[in-house]
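Here's the structure, in structure tokens; my notes come after.
The values are calculated or read from the model by the stated rules, or taken from the named source; none is laboratory data. Nothing here was measured: the structure is a model prediction, and the numbers come from that model. Cβ placement follows ideal geometry from the backbone for every residue including glycine, while neighbour counts extend to all protein chains displayed. Accessible surface is based on the protein model in full, side chains and every heavy atom, while ligands, DNA and RNA are left aside. Shrake-Rupley method; radii C 1.70, N 1.55, O 1.52, S 1.80 Å.
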Amino acid sequence: MKRVLACDLGGTNLRLSIIDESGNILKRLKTEAPRKSVNELIEKINQFKSEVCLHENSVKTLTMAIPAALDAENGIVFKAPNLPFLDGLEISRILEDSIGLPCFIENDANAAAIGEHAFGSAKGTKSFIMLTIGTGLGGAIFINNELWRGLDGTAGEIGHICVEPMGAPCGCGSRGCLEQYTSASAIVRIARELRHEFPESSLHSKLYLSSKEIFKAALQNDELALKVFEKVGFYLGIGIASLINILNPEAIVIGGGGSNAWQAFISHVKEQVQKRAYEAPSKRCQILKSTLGDDAGILGAAKLAIDKTRA
Ligand SMILES: [Zn+2]
């Protein structure tokens with residue numbers, strides 16, 4: 001059976017795994033994402049390959065989900081706001097040369113959408129939109145069972161639609177992008193901005209804050225944390241209402257680590273969608289939580305490589 005070495009490179013974590021053609025994850029490793037150079041990335045992949053693939057002669061392909069606007073066909077990264085050392089690199093060629101396996105790349109949210117469509121919440125859905133809440137906010141558009149890539153292959157950058165014209169500056173060069181109000185890093189920033197108003201909050205004087213910690217506090221009804229997720233849901237709802245009005249999709253699937261905070265933000269999302277989107281398409285559009293969770297990107301990357309090498 002054909003197997004692939006699939007990687008999901010995030011702004012925070014790098015996930016590596018061996019996956020068979022039925023989508024079974026046979027081996028896996030989660031490590032810190034490289035911060036400074038592509039050499040760090042190569043080192044980590046080679047280390048995993050030598051540790052776990054020693055007897056995996058059936059592994060013939062490398063495939064990687066990357067948080068970037070990119071040209072999947074030619075293996076080139078255009079812009080990676082959360083991993084800027086990748087900007088402009090012919091990453092597929094570089095990885096093929098240094099790892100010794102043919103390499104496919106895909107935008108991380110596109111990969112997650114492929115994964116959810118093949119194995120997860122979007123199975124059986126022809127047209128849907130994927131949003132991944134991670135270090136950034138990824139987006140992907142599936143129309144009639146196919147990814148909509150656009151002219152340059154960069155379509156679906158939903159995290160960079162503007163929801164506050166004079167809002168927070170974004171790594172993409174614009175400001176007030178949806179990502180700046182809904183991603184894990186935005187959750188931490190918003191908590192810092194608001195915490196002086198909540199002296200009773202358990203998060204009030206913490207030196208180090210993480211999005212996970214803010215979610216935990218929300219589960220314990222911490223007022224600051226609840227306010228943060230109200231804002232996240234508010235902006236996410238504005239974005240989703242526009243997507244429903246434009247594309248009339250069957251479903252919106254929300255994944256990525258931030259989807260674990262589902263119960264803290266989803267009612268605020270639905271409130272905005274109800275207020276802002278046309279009634280008929282918003283009633284028919286299901287807003288679903290990813291069922292593959294953190295594995296969506298890596299499974300999608302694997303599916304892509306298996307399909308391409310089969311063709
Ligand atoms: Zn942006």
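At a 10 angstrom cut-off on C-beta neighbours, averaged per residue, how do the peptides 76-87, 17-28 rank from highest to lowest?
76-87, 17-28
Using Cα-Cα distances under 8 Å and only pairs 6 or more residues apart, what relative contact order does the stretch 125-290 have, in percent?
Here the relative contact order equals 24 percent.
Using only alpha carbon pairs under 8 Å that are at least six residues apart, calculate the relative contact order of the chain and give it in whole percent. Display every interim value, and only then the final one.
Values: 666 pairs, mean separation 62.2, N = 311.
Computed over the chain, the figure is 20 percent.
May I ask you to compute the full-extension gain from residue 208 to residue 30, defined as 0.36 nm times their residue separation minus their alpha-carbon distance, rounded to one decimal in nm?
61.8 nm
Per DSSP H run of at least 4 residues, take -39500 (n - 2.57); add these up for the chain, divide by its residues and hand me the 222 nm value, nearest 500 deg cm²/dmol.
Mean residue ellipticity at 222 nm (helix-derived): -12000 deg cm²/dmol.
What does the charge count near residue 242 come to, summing +1 for each Lys or Arg and -1 for each Asp or Glu among other residues with Cβ under 14 Å from its Cβ? Provide the component values of the computation, followed by the final result.
Working: positive: 275, 276; negative: 157, 164.
Neighbour charge sum, excluding residue 242 itself: 0.
Using the heavy atoms of the protein chains and a 1.4 angstrom probe, tell me the accessible area per residue for the chain in square angstrom.
Heavy-atom accessible area per residue stands at 46 Å².
For the ranges 288-297, 90-99, what's the packing order if you count other beta-carbon atoms within 10 Å of each residue, average per peptide, and put the highest first?
288-297, 90-99
What ranking do 236-245, 170-179 get when scored by the average of other Cβ atoms within 10 Å per residue, highest first?
Answer by packing, highest mean first, reads 236-245, 170-179.
Whole Å is fine, so just give me how far the alpha carbon centre of the stretch 151-214 lies from that of the stretch 243-311.
Result: 19 Å between the Cα centres.
Return the distance in nm (one decimal) between the two label points of a simple spin-label model at residue 307 and residue 263, each offset 7 Å from Cα along Cα→Cβ.
Taking the simple label geometry, residue 307 and residue 263 are separated by 3.5 nm.
Please go through the stretch 114-159 and write out the trypsin sites (Lys or Arg not before Pro) that DSSP classes as loop and that have at most 10 other C-beta atoms within 10 Å. Could you put the intermediate results ahead of the total?
Working: sites: 123, 126, 149; in loops: 123, 126, 149.
Those satisfying the criteria are 123.
Please give every one of the lysines within straight-line cross-link reach of residue 216, meaning a C-alpha to C-alpha distance under 26 Å, and leave out same-chain neighbours fewer than 8 residues apart.
Leaving aside lysines fewer than 8 places away in the same chain, those within reach of residue 216 are 30, 206, 227, 231, 270, 289.
When the distances between all Cα atoms of the chain are binned every 20 Å from zero, what whole-number percent does each bin get?
Going out from 0 Å in 20 Å bins, the chain shows 34, 56, 9 percent.
Give the shape of the stretch 125-290 as rounded, prolate or oblate, defined through the alpha-carbon gyration tensor: a ≥ b ≥ c are the square roots of its eigenvalues, a/c under 1.5 means rounded, and otherwise the shape is prolate if a/b is larger than b/c and oblate if not. Show your work: numbers first, answer last.
Details: a/c = 2.07, a/b = 1.65, b/c = 1.26.
The shape class here is prolate.
When the chain is treated as a GNM, springs tying every alpha-carbon pair under 10 Å, which of 152, 222, 108 comes out with the largest mean-square fluctuation?
Evaluated over the chain, the most mobile residue of the options is 152.
Of the options 150, 119, 88, report the single residue whose Cα projects farthest towards the positive end of the charge dipole of the stretch 15-155 (beta-carbon charges: Lys, Arg +1; Asp, Glu -1).
It is 119, whose Cα lies furthest towards the positive end.
Need one value: the accessible area of residue 268 in square angstrom, 1.4 angstrom probe, rounded to the nearest 10.
50 Å²
Rounded, prolate or oblate: pick one for the stretch 1-87, where a ≥ b ≥ c are the square roots of the eigenvalues of its C-alpha gyration tensor, a/c under 1.5 means rounded, and failing that, prolate if a/b is larger than b/c, else oblate.
prolate
Mean Kyte-Doolittle of at least 0.0 plus a Cα span of 30 Å or more along the axis: flag which DSSP H helices in the chain meet both, please.
Sorted by number, the helices that extend far enough and score high enough are 223-247.
If you average the alpha carbon positions of the stretch 27-76 and of the stretch 224-239, how far apart do those two centres end up, in angstrom?
Their Cα centres are 34 Å away from one another.
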